[in-house]
Amino acid sequence: MSSTRYSILALALASLFSASSAISFYIWRKNLIEWDSKLKELKKSLNSALEKCASERQGRIRAQQALRKAVVAQPQAKSENLDIPSYPMAPIGIVQSCFSTRNGTPRQPLLVPLARASLVFDSTRVPPASLEGLEEYSHCWIIYVFHLNTDLEKLWKHPSKSKFKAKVRVPRLKGGRMGVFATRSPHRLCPIGLTVAKVEAVQGNMVLLSGVDLVDGTPVLDIKPYLPYCDSIEGAVVPNWVMLDSMLSVASVGFSDDFSSSLLDCWKSVEKKSLYSSPDELKSLVKQALSWDIRSVSQRNRPHNNLLKIGSGDASDNASDLDDSQDGEASGELIYHLILDGMDFSYKIDGNGDVMVKEVHLSSAISFGNNKKRCNFLMWKDKIK
């Protein structure tokens with residue numbers, strides 16, 4: 001009898017524990033579903049906020065671009081009657097560069113030897129005879145306008161209202177500030193740039209250049225031949241921070257297994273507009289361009305696991321752009337973008353400085369492929385050495 005009671009008691013306890021476990025599992029599963037639902041709502045809300053920020057940023061970009069055009073078209077209306085002498089200067093040519101946007105354009109000349117551009121002169125102002133003899137020089141100086149600066153309209157204002165920044169952030173100083181005239185920042189009182197490039201060929205009113213650090217559409221004011229005997233100064237001294245090349249170099253550049261096939265698909269659309277002979281040459285250009293860290297100071301300092309979608313920060317040199325140059329994926333890794341020859345190359349870079357180029361597709365934001373007057377490789381192939 002006693003044994004029967006123990007059996008009944010054991011069964012009752014087992015049933016009790018079984019029911020308790022079932023209830024606990026039900027409550028746990030219910031909470032899990034609720035948490036999952038809240039997480040989805042939070043993700044949806046975050047994505048909506050990010051899309052709104054991106055839309056607002058694009059609106060600001062379009063407004064800034066329209067303002068730049070208005071400033072260039074009517075400079076005297078913005079000068080506030082400043083008693084400053086003016087001089088007869090206007091662009092004499094336009095650069096057709098492989099760099100479609102500021103983001104990715106090298107910070108200095110000759111860092112990317114394969115970087116090509118056609119300098120097309122205005123035939124109504126520059127007779128072809130003006131270029132006779134230039135092909136005998138290996139390099140030339142180019143004086144140009146920083147036409148993509150977002151603060152051009154401020155320069156027409158009175159100095160007391162222009163809010164001109166005397167110091168700028170320097171990439172090699174990890175964002176530390178330096179006097180603007182001790183740097184090559186594009187944000188200057190007179191937005192004029194000076195660069196040097198290799199002269200590959202001269203044809204009619206065009207010059208093919210390489211090693212350029214010029215963005216597509218750059219207005220050119222003048223070119224002059226490079227003279228080694230006076231332009232190369234033996235014993236020239238620069239600050240120590242200028243010599244820190246390792247600050248902006250990367251450890252390695254690699255390509256994903258899918259990259260070559262995606263490049264071939266894009267090549268079919270851009271071949272007739274490109275300054276390059278083949279997809280392999282374009283791949284070499286990408287590797288050279290990404291051998292230097294083209295990210296802004298804020299992007300380099302940002303952790304790699306942030307889920308963000310923002311535009312590129314403004315750097316001190318002409319290497320940043322107003323376009324979205326960075327976005328986040330669900331995996332938590334940051335994906336950056338390099339726009340070359342109208343193609344969007346997506347890549348990531350880890351904490352060790354190793355770059356992996358993932359894929360490429362045609363850029364929807366660049367009208368490169370629709371420019372019928374664009375110079376291409378076929379125009380220069382007989383002259384390229």
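The values are calculated or read from the model by the stated rules, or taken from the named source; none is laboratory data. If you're wondering where the values come from, they're calculated on a predicted model, not measured in any experiment. When we count neighbours, we look across all protein chains shown, and the Cβ atoms used for this are built from the backbone with ideal geometry, even at glycine. Keep in mind that these areas ignore ligands, DNA and RNA; they rest on the heavy atoms of the full protein, side chains included. Shrake-Rupley method; radii C 1.70, N 1.55, O 1.52, S 1.80 Å.
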Handout entry: Residue, most open to solvent (accessible area, probe 1.4 Å), within the range 110-141, restricted to residues that are more than 31 Å from the chain's Cα centre (by Cα) and among the β-branched types (Val, Ile, Thr)
Key = Thr124
Problem - Filtered residues of the range 359-385 (kept if within 21 Å of the chain's Cα centre (by Cα), modelled with pLDDT of 90 or more and either surrounded by fewer than 17 Cβ atoms within 10 Å (Cβ to Cβ) or of a type in the set (A, V, I, L, M, F, W, C) (or both)) - result: Val360, His361, Leu362
Problem - Failed condition for Lys165, given (1) surrounded by fewer than 17 Cβ atoms within 10 Å (Cβ to Cβ); (2) over 15 Å from Ser185 (Cβ atoms) - result: (2)
Handout entry: Of residues in the range 182-205 being under 24 Å from the mean Cα position of the chain (by Cα) and hydrophobic (A, V, I, L, M, F, W, C), the one surrounded by the fewest Cβ atoms within 10 Å (Cβ to Cβ)
Key = Cys190
Practice task
Could you tell me whether the range 87-109 includes any residue that is under 16 Å from Val145 (Cα atoms), exposed (fewer than 13 other Cβ atoms within 10 Å of the Cβ) and hydroxyl-bearing (Ser, Thr, Tyr)?
Solution key: yes
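Quick one: is Ser277 open to solvent by less than 70 Å² (accessible area, probe 1.4 Å), in contact (Cβ under 8 Å) with a residue 24 or more places away in the chain and either in contact with an Asp or Glu (Cβ under 8 Å, 6 or more places away or on another chain) or among the aromatic types (Phe, Trp, Tyr) (or both)?
Details: open to solvent by less than 70 Å² (accessible area, probe 1.4 Å): yes; in contact (Cβ under 8 Å) with a residue 24 or more places away in the chain: yes; either in contact with an Asp or Glu (Cβ under 8 Å, 6 or more places away or on another chain) or among the aromatic types (Phe, Trp, Tyr) (or both): no.
It is false that Ser277 is open to solvent by less than 70 Å² (accessible area, probe 1.4 Å), in contact (Cβ under 8 Å) with a residue 24 or more places away in the chain and either in contact with an Asp or Glu (Cβ under 8 Å, 6 or more places away or on another chain) or among the aromatic types (Phe, Trp, Tyr) (or both).
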Handout entry: Unmet requirement for Gly179, which otherwise passes all of (1) small (Gly, Ala, Ser); (2) in contact (Cβ under 8 Å) with a residue 40 or more places away in the chain; (3) open to solvent by 20 Å² or more (accessible area, probe 1.4 Å)
Key = (2)
Practice task
Could you tell me whether any residue of the range 151-160 is crowded, with 19+ Cβ neighbours inside 10 Å and aromatic (Phe, Trp, Tyr)?
Solution key: no
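Filter the range 244-258 down to residues that are under 18 Å from Gly175 (Cβ atoms) and surrounded by 10 or more Cβ atoms within 10 Å (Cβ to Cβ) and give me whichever is modelled with the highest pLDDT.
To start, the set of residues in the range 244-258 that are under 18 Å from Gly175 (Cβ atoms) comprises 244-249.
Adding the requirement that they be surrounded by 10 or more Cβ atoms within 10 Å (Cβ to Cβ) leaves 244-245, 247-249.
Numbers: Leu244: 69, Asp245: 60, Met247: 68, Leu248: 80, Ser249: 86.
Across the range 244-258, the extreme among qualifying residues is Ser249.
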Practice task
Inspect all residues belonging to the range 302-311 and state whether any of them is of a type in the set (Lys, Arg), modelled with pLDDT under 95, more than 13 Å from the chain's Cα centre (by Cα) and open to solvent by less than 40 Å² (accessible area, probe 1.4 Å).
Solution key: no
Exercise for the section: Please state which of the following conditions Gln326 fails to meet, knowing it meets all the rest: (1) at pLDDT 95 or above; (2) surrounded by 20 or more Cβ atoms within 10 Å (Cβ to Cβ); (3) within 30 Å of Lys165 (Cα to Cα). Expected result: (1)
Completion exercise
Of the listed residues (Asp216, Asp231), the one being touching a Ser or Thr at 6+ places or on another chain (Cβ under 6 Å) and either of a type outside the set (Ser, Thr, Tyr) or farther than 30 Å from Ile92 by Cα (or both) is Asp216
Fill in the blank from the handout: Selection over the range 106-145 where residues are basic (Lys, Arg) and farther than 17 Å from Thr195 by Cα yields a count of 1
Exercise for the section: Scan (1) part of a loop (DSSP other than H, G, I, E, B); (2) under 25 Å from Trp292 (Cα atoms); (3) aliphatic (A, V, I, L, M) for the single condition Ile84 breaks and write down its number. Expected result: (2)
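Can you pull out the residues in the range 146-155 that are farther than 15 Å from Ile192 by Cβ, touching a Leu at 6+ places or on another chain (Cβ under 8 Å) and not polar (S, T, N, Q)? Before the answer, list the steps.
The initial filter retains those residues of the range 146-155 that are farther than 15 Å from Ile192 by Cβ, namely 150, 153-154.
Now restrict to residues that are touching a Leu at 6+ places or on another chain (Cβ under 8 Å): 150, 153.
Within the range 146-155, just Glu153 meets the criteria.
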